[in-house]
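The values are calculated or read from the model by the stated rules, or taken from the named source; none is laboratory data. Because the structure is predicted, anything quoted here is derived from the model rather than measured. Note that each Cβ is placed from the backbone with ideal geometry, even for glycine, and that neighbours are counted across all protein chains shown. We work out accessible area using only protein heavy atoms, side chains counted, and drop any ligands, DNA or RNA first. Shrake-Rupley method; radii C 1.70, N 1.55, O 1.52, S 1.80 Å.
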Amino acid sequence: METGTAPQPDSTEPDRTKPDVPLGDYLTVRVSRGKGPENRYEEFQVPRRENQTVLDIVTWIQRNADPALSYRFACRVGVCGSCAMTVNGKPRWTCRTHVSKVIGKERSLTIEPLRNLPRIKDLAADMSAFFEKWQQAGGRFAGKTDRTGPLARIDPESPGRKAVDAGIECINCAVCYSACDVVTWDEDYLGPAALNRAWTLVNDERHAEKRETMKKVSAAGGCHSCHSHGSCVEHCPIGLNPTAGIAGLKRRSVLQTFRLSGEK
Amino acid sequence: MTEAALYAAQRVTAMILAPLVLIHLGLILYAVSDGLTADEILSRTRGNMAWAAFYGLFVLSAAVHAPLGLRNILREWLGLRGRMVDCVLVLFAALLAGLGLRAVLAVI
Ligand code: SF4
Ligand code: SF4
Ligand code: FES
């Protein structure tokens with residue numbers, strides 16, 4: 001048996017001895033600033049770091065260049081849904097968006113608040129309308145029993161349960177809401193996230209108010225306004241498919257209108 | 001009428017119109033091959049109940065379909081909505097149906 005040979009580095013492993021960003025490298029970052037409707041752009045020189053996220057950049061600016069910069073985040077790991085901003089024109093969750101993925105060859109980075117929501121200040125958008133529409137879409141769960149009742153037994157293979165599974169992981173980040181043109185055009189449109197939520201509820205055997213939820217999503221500005229162009233699907237960081245859920249709501253509402261379905 | 005019913009009406013008429021429009025376009029190509037006058041076309045189509053039924057269905061579907069599309073455009077692009085707009089669109093539908101059916105009646 002041979003002894004004394006050092007373990008050979010696995011050639012598929014990235015070489016961690018070399019930085020992926022040259023030392024002393026800076027990036028020019030344009031940040032949209034202002035209160036309410038006002039808007040101006042300010043430029044910052046931010047040092048590049050390895051594995052840097054867009055949220056890291058914003059945090060660096062706030063801590064080192066301008067403490068008055070307003071933005072919102074909490075978990076930093078893609079769970080809370082509070083850090084979404086417009087990055088180089090596209091809505092993204094900034095804590096899970098690597099700078100190297102978005103700056104391109106031009107090495108440009110522009111950060112703005114989410115579209116389709118009023119700005120509070122700088123990069124913090126007012127999410128009230130987004131959450132209010134969640135309620136308008138009948139997105140509140142209503143149980144059939146209280147906490148002392150028996151647990152509902154749901155077959156994991158049932159179509160309803162599978163439909164719920166497909167949409168339930170939404171983190172309420174409003175990226176889809178910001179990506180949707182119909183939201184821009186029609187202020188009453190409930191938007192992809194609220195409708196996706198409603199779709200999980202009408203498929204939830206335990207939800208006691210399916211009829212009310214269906215009624216709410218079928219009103220003007222509801223599911224029938226969706227153009228099915230899938231911008232929400234394209235941008236959802238979790239990879240959810242609100243378009244499919246909305247198509248399900250449309251189908252169900254039409255079947256119920258013409259009494260073609262026994263579903264409640 | 002509920003939004004769901006209007007949505008269904010728009011989709012169903014779209015499904016009806018899709019093949020009818022293709023046949024209609026084909027017919028136009030055929031009909032204008034010799035130059036186009038109303039007299040000439042009527043002389044070829046008059047009295048044909050099949051064509052009358054074809055265009056009757058065409059006109060009615062279009063009269064339902066077009067105002068619904070216009071309704072969405074007015075809502076999304078101009079922010080116009082509400083009862084007043086819906087009433088105007090019903091009149092528009094009636095106008096389309098009236099003009100179209102007049103032409104169909106001429107064929108019979
Ligand atoms: S598919 Fe519907 S909800 Fe999604 S972005 Fe398009 S219009 Fe909005
Ligand atoms: S559906 Fe996706 S993009 Fe929309 S709020 Fe939920 S997680 Fe965010
Ligand atoms: S900070 Fe929580 S999702 Fe980005």
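Observations on the structure shown:
- Qualifying positions in region A:216-252 - outside any loop (DSSP other than H, G, I, E, B) and farther than 19 Å from A:Val164 by Cα: A:His224, A:Ser225, A:Ser231, A:Glu234, A:His235
Residue-by-condition table, conditions (1) in contact (Cβ under 8 Å) with a residue 40 or more places away in the chain; (2) charged (D, E, K, R):
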residue: B:Leu17; (1), (2): yes, no
residue: B:Phe58; (1), (2): yes, no
residue: B:Arg83; (1), (2): no, yes
residue: B:Leu89; (1), (2): no, no
residue: B:Ala97; (1), (2): no, no
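- Residue among B:Ala66, B:Ala97, B:Ala50 that is closer than 20 Å to B:Val21 by Cβ, modelled with pLDDT of 95 or more and open to solvent by 30 Å² or more (accessible area, probe 1.4 Å): B:Ala66
- Residues that are open to solvent by 90 Å² or more (accessible area, probe 1.4 Å) and modelled with pLDDT of 95 or more, drawn from region A:141-158: A:Glu157
- Residues in region A:204-225 that are free of Cβ contacts under 8 Å to residues at least 60 places away in the same chain and away from chain B (no Cβ under 14 Å): 2 in all.
- In region A:177-193, the residue that is least open to solvent (accessible area, probe 1.4 Å) out of those that are facing another protein chain (nearest Cβ under 9 Å) and under 12 Å from A:Gln136 (Cα atoms) is A:Tyr189.
- With respect to the conditions (1) within 16 Å of ligand 2 (Cβ to nearest atom); (2) within 14 Å of chain B (Cβ to nearest Cβ); (3) crowded, with 20+ Cβ neighbours inside 10 Å, A:Ser228 falls short on a single one, namely (3).
- A single member of A:Lys162, A:Lys210 is over 27 Å from A:Phe73 (Cβ atoms) and touching a Pro at 6+ places or on another chain (Cβ under 9 Å), and it is A:Lys162.
- Among the residues of region A:167-176, those identified as within 16 Å of ligand 3 (Cβ to nearest atom) and open to solvent by 10 Å² or more (accessible area, probe 1.4 Å) are A:Glu169, A:Cys170, A:Ile171, A:Asn172, A:Cys173, A:Cys176.
- Hits in region A:58-103 (condition: of a type in the set (D, E, K, R), open to solvent by 40 Å² or more (accessible area, probe 1.4 Å) and free of Cβ contacts under 8 Å to residues at least 40 places away in the same chain): A:Arg63, A:Arg76, A:Lys101
- Flag for A:Val164 being more than 15 Å from the chain's Cα centre (by Cα) and either within 14 Å of ligand 2 (Cβ to nearest atom) or open to solvent by less than 60 Å² (accessible area, probe 1.4 Å) (or both): yes
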